[in-house]
Structure formats: C-alpha cells, structure tokens
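Chemist: Structure below; questions to follow.
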C-alpha cells in the first residue's frame with residue numbers, strides 16, 4: 001500500500017512541476033548520474049590502519065559512540081551497509097592511512113600501490129570507484145609544518161609521501177577506468193602571530209611544484225585550503241587565497257570544503273568565479289558549527305545554495321561532490337546516510353528549479369516575478385519526487401532506514417566493544 005501511495009503522490013508532483021515547465025523524470029535521471037564520494041573516515045573516526053595513536057595536526061573527532069570500525073574488514077562492511085541506504089551508485093574516498101598494510105608498519109614515504117591492491121579489488125567487486133588523499137596529520141613528523149617546513153629532511157619526507165600518493169591514485173584510476181581524484185590537504189600553520197608568512201608559502205609553492213612535476217593520465221590533482229586547525233589558529237599556510245591562485249596558475253582542481261571558510265562566506269558564490277579559471281572543482285560537503293567544521297551534513301540553506309549554484313552554472317560535469325565530516329557522537333552508519341541523503345535532496349531540488357523561467361525574468365528585469373517564483377518553488381512537492389527516486393533505487397523511503405540502521409547496530413556494531 002505504501003508503494004501505491006508513493007506512486008500516486010509522485011504523479012501529482014509530476015503534474016505540478018510540469019505546470020512550471022519542469023520534467024521530474026529528467027531530474028531523477030540527472031540525479032542518478034551524480035556520484036557522491038563517500039568518505040571512509042566517518043566509519044572509524046579518522047583512525048586508519050597505520051597506528052592507534054591520537055589525531056594530531058589540527059583535527060579532532062569528538063564523541064565515543066560505541067561500535068566504530070576497528071579494522072579494514074569492519075570498515076568495508078560499514079561502508080557497504082551505509083551505501084545500501086543511499087540511492088544511486090557512489091564512490092569511496094580513501095586517506096593514505098587506510099592502506100592494507102598486512103599488520104606491518106609502512107612509513108608514509110614508503111607507501112606503494114601494492115598497499116591498496118585489496119582496496120582496488122574490493123572496489124571493482126562492488127562497482128565502487130575510488131578517490132584518494134595524502135595524509136599529513138597524526139605522524140611523528142607532522143608537527144605544525146609539513147610541506148612548508150624549512151627543515152629540508154622533514155619537508156622531503158612529506159614531498160616523497162605525496163609523490164607516492166599520486167602514483168597510487170594513478171594506479172587506482174588506471175584500474176577502474178575512471179580518473180581517481182587525489183586531494184592534497186595539509187594542516188600547516190601557527191598557533192600564534194606569524195611574522196614570516198611569505199617564507200612558508202614560498203616553501204609550500206616550491207614543494208607543490210616538485211610534487212606535481214610528474215604528469216599522470218589516470219588521476220586528477222586537487223588542492224584544499226582551510227581557515228585554521230586546532231592549535232594552529234592564527235596562521236594557515238595553505239589558505240584559500242593561496243590555493244585559488246595556485247590552482248588557477250597551474251590548472252589544478254581546487255577543493256572547496258564547506259566547513260573551511262568563515263561563517264559569513266558563501267561557498268556557493270565561489271563556484272562561478274573558480275569555474276572561469278580552473279578546469280574543475282572538488283567539493284567536500286560538511287556542516288560547520290562555530291569552530292568545528294565537520295558536523296554531519298543536513299538539508300540546510302548552505303548545502304541547498306551550493307547545489308543550486310552547480311546546476312545554475314551548468315557544471316554537473318565539472319564539479320565533484322565528496323563528503324567530509326566525522327561525527328563520533330552518534331551512530332556512524334546513520335551519520336553516513338543522513339549526510340549523503342541530505343546532499344542528494346538538495347541536488348534534486350536544484351535540478352527541479354524552473355531555471356529557464358527564472359533567467360527570463362532576470363533578463364527582463366522582472367525582479368518581482370523572479371523572487372515570487374523562487375519563493376513558490378520552495379513549497380513545490382519535491383519530496384514526492386525524492387520518495388520515488390528512492391523507490392526506483394530500491395532503498396528505504398523516508399524514515400524507513402532508521403529501523404534498518406538500528407537493526408544493524410543491534411546485530412553487528414554493538415558487539416564490537
């Protein structure tokens with residue numbers, strides 16, 4: 001009976017949207033092609049499989065909800081369980097510390113594609129493409145500076161690490177027949193006043209030039225800024241201005257993390273500027289709350305505006321969407337599902353926006369009509385289209401996934417402690 005109600009509600013919604021010139025079937029087809037890059041670190045609080053030490057380098061996972069993944073098998077199991085509740089076919093984003101090291105310690109300047117062989121096989125078996133990240137935090141040589149460190153021995157260690165990560169990403173892309181996007185983010189900065197900002201940024205630029213000297217065909221580089229990290233509040237070497245300039249001048253993808261900007265900044269507004277000067281943009285979607293940038297994504301104005309701007313820029317094929325939050329205070333699989341589905345809901349609303357009519361109003365200086373239609377579009381029955389999208393993808397509709405996640409917790413994750 002519920003399926004019948006979903007279909008009936010969708011037919012009404014389809015007619016309602018058709019009245020303003022929008023095709024709901026086309027919107028669902030477009031959403032089906034949008035792949036999220038699910039972040040592996042939500043399942044285990046950014047611990048990885050290299051060591052059991054605490055996080056360092058300006059980041060922190062908060063909370064101690066029971067049942068986190070303790071090894072590579074449990075993490076993979078959790079990722080697949082989360083993906084089973086998310087409509088569509090998505091990617092998996094790995095940090096270097098999630099390699100399959102076989103119980104042996106492999107320092108980060110020695111990592112090789114063989115340490116991700118089992119990941120590549122697993123991904124192929126489950127039709128899940130891989131993305132990748134170098135890992136500069138939580139290491140004895142992290143300190144406050146890595147690629148911008150004046151100490152050549154430290155700097156060379158991280159340069160070699162990042163070069164090897166690019167080689168791993170290249171192998172991943174080659175094996176999966178689709179470019180692996182490798183993100184470069186470092187925590188480098190200072191807790192207090194810095195009087196030689198130029199020096200560290202010049203060192204970072206030179207390190208990046210050395211890292212990117214080798215060109216690859218099966219991977220794509222992206223560089224990510226941040227406002228600050230814990231214990232590094234006063235100065236960030238790889239700032240937004242730095243990486244925007246570097247990306248534009250070196251034809252690199254720039255990563256915009258929605259939690260890495262000042263609260264009053266609009267990340268959505270940055271897209272149209274960046275896309276004029278760089279080939280593509282990578283998004284890390286999270287939810288900032290005061291100083292913490294990594295709360296679970298929800299369907300709020302910031303995420304909705306971001307998705308609308310992607311569509312308005314006609315950039316669905318140039319903007320890659322990844323998630324980047326780690327909430328250890330609630331069920332981790334549930335956090336995956338909430339954030340992923342919230343992002344998809346925002347994208348669906350963006351795809352259903354009557355853009356042609358709105359642009360016509362704008363071109364004719366019909367400000368009243370534009371604002372009125374924008375407001376009325378907010379209350380159109382997009383949720384009925386979302387329910388149909390979930391139904392077509394054979395995933396739980398509405399709140400049904402809550403009970404499923406609770407069942408998995410009772411049967412699996414609760415028994416890990």
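The values are calculated or read from the model by the stated rules, or taken from the named source; none is laboratory data. Treat the numbers as computed from the prediction; the structure is a model and nothing was measured. Every residue, glycine as well, gets a Cβ built from its backbone with ideal geometry; the counts of neighbours run over all protein chains shown.
Chemist: Quick one: count up the residues across segment 337-366 that are part of a helix (DSSP H, G or I) and either in contact (Cβ under 8 Å) with a residue 60 or more places away in the chain or closer than 24 Å to residue 36 by Cα (or both).
Modeler: Looking only at that region, the number is 18.
Chemist: Among all residue pairs at least 6 apart or on different chains, which show Cβ distances below 7 Å where the first residue, located in segment 127-145, is on the phi > 0 side of the Ramachandran plot and the second is surrounded by fewer than 20 Cβ atoms within 10 Å (Cβ to Cβ) and modelled with pLDDT of 90 or more?
Modeler: 127/89
Chemist: May I ask you to verify whether residue 278 is in contact with a strand residue (DSSP E or B) (Cβ under 7 Å, 6 or more places away or on another chain), surrounded by fewer than 19 Cβ atoms within 10 Å (Cβ to Cβ) and assigned to a loop (DSSP other than H, G, I, E, B)? Steps first, please.
Modeler: Working: in contact with a strand residue (DSSP E or B) (Cβ under 7 Å, 6 or more places away or on another chain): yes; surrounded by fewer than 19 Cβ atoms within 10 Å (Cβ to Cβ): no; assigned to a loop (DSSP other than H, G, I, E, B): yes.
Taking the combined requirement at face value, the residue does not satisfy it.
Chemist: I need the full set of residues from segment 384-395 which are touching a residue at least 60 places away in the same chain (Cβ under 8 Å) and either part of a helix (DSSP H, G or I) or over 17 Å from residue 79 (Cβ atoms) (or both), in order please.
Modeler: 384, 385, 387, 388, 389, 390, 391, 392, 393
Chemist: Now for a separate question. If you take the residues in segment 229-247 that are touching a strand residue (DSSP E or B) at 6+ places or on another chain (Cβ under 9 Å) and over 11 Å from residue 188 (Cβ atoms), which one is modelled with the lowest pLDDT?
Modeler: Here the answer is 231.
Chemist: Select, from 322, 334, the only residue that is surrounded by 21 or more Cβ atoms within 10 Å (Cβ to Cβ), over 30 Å from residue 7 (Cβ atoms), modelled with pLDDT of 95 or more and under 26 Å from the mean Cα position of the chain (by Cα). Break it down stepwise before answering.
Modeler: Details: 334 fails: over 30 Å from residue 7 (Cβ atoms).
The match here is 322.
Chemist: Let me ask something additional. Any residue at all in segment 316-323 that's more than 17 Å from residue 27 (Cβ to Cβ), assigned to a helix (DSSP H, G or I), touching a residue at least 12 places away in the same chain (Cβ under 8 Å) and touching a helix residue (DSSP H, G or I) at 6+ places or on another chain (Cβ under 9 Å)?
Modeler: No, there is no match, as no residue in segment 316-323 is more than 17 Å from residue 27 (Cβ to Cβ), assigned to a helix (DSSP H, G or I), touching a residue at least 12 places away in the same chain (Cβ under 8 Å) and touching a helix residue (DSSP H, G or I) at 6+ places or on another chain (Cβ under 9 Å).
Chemist: Within the group 58, 67, 102, 88, which residue is in contact with a strand residue (DSSP E or B) (Cβ under 8 Å, 6 or more places away or on another chain), part of a loop (DSSP other than H, G, I, E, B) and farther than 24 Å from residue 212 by Cβ?
Modeler: Just a single option satisfies the conditions, and that option is 88.
Chemist: Within segment 174-190, can you find the residues that are out of contact with any helix residue (DSSP H, G or I) (no Cβ under 6 Å at 6 or more places or on another chain), outside any strand (DSSP E or B) and under 24 Å from residue 246 (Cα atoms)? Give the steps one after another, and end with the answer.
Modeler: So in segment 174-190, the residues out of contact with any helix residue (DSSP H, G or I) (no Cβ under 6 Å at 6 or more places or on another chain) come out as 174, 176-178, 181, 183-190.
From the residues that got through so far, the ones that are outside any strand (DSSP E or B) too are 174, 176-178, 185-188.
Within segment 174-190, 185, 186, 187, 188 qualify.
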